[in-house]
Amino acid sequence: MFAHVTFTHLVVNTTKDTFDPDDAQLVSEAFFRLDVGDDSFPDASVQVLHPRGPELEGCGLGDLEVSEVQGPYRGGSWNARDFREQVECYVRDVIGAQGYQFWLGAEANGCVTECFSEQRECWLEISE
């Protein structure tokens, strides 16, 4: 069985920190809808701890910290590594070159929270 994941938006510099970021890090929250068979779970999210600014582009897969999934889905398990890689790629692609503005903002007068509405889809194999 497969789960269809649709990332819907990313909030950069979220105020609901699962992590304890230092001055060189930000916490972002990636929101997504999860469809498994005939069931849909629209309000899922994960938090991601990542570097501020241009250092984000230099991170390899596995260098970002991804929290446990928050939301209503309590079904079968999926490959956590594959999901984490999808989340990391989504965060990098959405922030991308704009990551530099979060570095400048943080140095100048504090980094503000921003929301980026960009969709991305992927499929994950799940066990029943």
Residues of segment 73-91 that turn out to be over 17 Å from residue 4 (Cβ atoms), modelled with pLDDT under 85 and surrounded by 17 or more Cβ atoms within 10 Å (Cβ to Cβ), as a count:
0
Out of 53, 62, sole residue that is on the phi > 0 side of the Ramachandran plot, crowded, with 16+ Cβ neighbours inside 10 Å and modelled with pLDDT under 80
53
Across (1) at pLDDT below 75; (2) of a type in the set (S, T, N, Q); (3) assigned to a loop (DSSP other than H, G, I, E, B), residue 98 clears everything bar (3)
What tally of residues in segment 1-38 results from selecting those that are surrounded by fewer than 13 Cβ atoms within 10 Å (Cβ to Cβ) and at pLDDT 90 or above?
1
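Any idea which residue in segment 1-45 is nearest to residue 96 (Cα to Cα), counting only those that are acidic (Asp, Glu) and assigned to a strand (DSSP E or B)?
Taking segment 1-45 as the starting set, the residues that turn out to be acidic (Asp, Glu) are 17, 20, 22-23, 29, 35, 38-39, 43.
Remaining after also requiring assigned to a strand (DSSP E or B): 29, 35, 39, 43.
Details: 29: 15, 35: 27, 39: 33, 43: 25 Å.
Top of the filtered list is 29.
The values are calculated or read from the model by the stated rules, or taken from the named source; none is laboratory data. It should be emphasised that the depicted structure is a prediction, and the values quoted were computed from it without experimental measurement. Backbone-built Cβ (ideal geometry, glycine too); neighbour counts: all protein chains shown.
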